[in-house]
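S.K.: Before anything else, here's the structure in question.
The values are calculated or read from the model by the stated rules, or taken from the named source; none is laboratory data. It should be emphasised that the depicted structure is a prediction, and the values quoted were computed from it without experimental measurement. Glycine also receives a Cβ, built like all others from the backbone with ideal geometry; neighbour counts cover every protein chain displayed.
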2 protein chains.
Amino acid sequence: MLRISKLTDYATVILARLAAEPERRFTAAQIAAETHLAAPTVSKLLKQLHRQGLVASTRGSAGGYLLSRPATDITAAQILDALDGPVALTECAGAASHCGIERTCRVGHSWQRVNFAIRCSLQEISLLELAGLSTAPNRNSALDRGISVVLSGIGTRSFKREPA
Amino acid sequence: MLRISKLTDYATVILARLAAEPERRFTAAQIAAETHLAAPTVSKLLKQLHRQGLVASTRGSAGGYLLSRPATDITAAQILDALDGPVALTECAGAASHCGIERTCRVGHSWQRVNFAIRCSLQEISLLELAGLSTAPNRNSALDRGISVVLSGIGTRSFKREPA
DNA sequence: ACCATATGGAACTAAACTAGTCCTACTTAG
DNA sequence: CTAAGTAGGACTAGTTTAGTTCCATATGGT
């Protein structure tokens, strides 16, 4: 299935809302109302996004949240990492890889390569684009330029750019 | 996290084993023994892979499994589809997309684009490569050629190939 | 100083999904 | 006709995800 969790999806919606008005300070309740998500959930997500440094918060009576940096500097990969931890397609893609069949299994390595390629792609996508806010098709945008990921040797990825 | 299920991982191991000896007919028990996976699990997976047309089976006393077609014609995308159903990052990426916040949510559309891009990449990776059987780095292989996925308009993907 | 209004953090519950096993029916070679 | 195999489904246990609630902490206004 290769899916992202619902919460990550919600988080994107929240971040997109914040990105639409970067100057404005939102309370959790406001965001919940405007996105039609459940208030406790929104609150929980904002806390986590804050912990991961994606949003800045002010406490107290006039408190609230806003993006910690411009939407162009927040990537899809960062959002996924913030909520679900680092992308890992298979178990043995993690640090301590002992799945018992290691010896006979040459497959893990391959999935890791795929994994890595996907991750690189996600790093090229900014919140601005994710939120549909990027100002029209733009030749300088990663989304519109085309992303080239070399899947061969793990170390030898390269982001090819269109000749313009 | 963006992970694939353990079962899909196992299935890849199984398919890789079959791919290593394409002529040989394996029984489920043999595969279990040689891959060190639990026999009932292997059996279950092979059935499912058969249902999805990735392996051919013969019943009866001298029965067993083998790949239904050359390993080069089986893609990572097909393996994922066979076990987890079609890749869908978010819920609304599916056919009937009614998540309740549709109106305010411009995000779903973006995830679908990412989704689509990943899917295209996975279609370029063959079982042969996944199994680590592809004969040395090969300029004609999708893995070594580099995969370029244009994420912009949904309809306008294009697989750029290295100039050689 | 006090209070209303926020966020911060953790613990808890319920629901969904995954993994794994088992049992029965069907098929074929000897 | 029997042994050896696949086909399919039902079932159970475990883990993960989603969602809620409670209490502590911080801040601004009266």
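S.K.: Which fully enclosed helices (runs of 4 or more DSSP H) of segment B:104-151 have 3 or more residues being within 9 Å of chain A (Cβ to nearest Cβ) and at pLDDT 75 or above? Steps first, please.
M.R.: Working: elements: B:107-123, B:127-130, B:142-145.
Counting at least 3 such residues, we get B:107-123.
S.K.: Right, here's the next one. Return yes or no: is A:Thr8 of a type in the set (Ser, Thr, Tyr), within 13 Å of chain B (Cβ to nearest Cβ), touching a residue at least 40 places away in the same chain (Cβ under 8 Å) and part of a helix (DSSP H, G or I)?
M.R.: Yes; evaluated as a whole, the condition is true for this residue.
S.K.: Would you confirm, using the coordinates I've provided, whether B:Ser57 is more than 14 Å from chain A (Cβ to nearest Cβ), part of a helix (DSSP H, G or I) and without any contact (Cβ under 8 Å) to a residue 24 or more places away in the chain?
M.R.: Judged against the criteria, B:Ser57 is not a match.
S.K.: Looking at segment A:44-83, which of the residues that are closer than 16 Å to A:Leu130 by Cα, surrounded by fewer than 16 Cβ atoms within 10 Å (Cβ to Cβ) and not hydroxyl-bearing (Ser, Thr, Tyr) is nearest to DNA strand C (Cβ to nearest atom)?
M.R.: Selected residue: A:Arg69.
S.K.: Another one. Among the residues of segment A:1-32, write down those that are more than 14 Å from DNA strand C (Cβ to nearest atom), of a type outside the set (Val, Ile, Thr) and within 26 Å of A:Gly85 (Cα to Cα).
M.R.: Our first condition is that a residue be more than 14 Å from DNA strand C (Cβ to nearest atom); within segment A:1-32, this holds for A:8, A:10, A:12-13, A:15-16, A:19-23.
Among the residues that remain, those that are also of a type outside the set (Val, Ile, Thr) are: A:10, A:15-16, A:19-23.
A:Tyr10, A:Leu15, A:Ala16, A:Ala19, A:Ala20, A:Pro22, listed by residue number.
S.K.: Out of curiosity, is A:Thr41 in a helix (DSSP H, G or I) and within 11 Å of DNA strand D (Cβ to nearest atom)?
M.R.: Yes.
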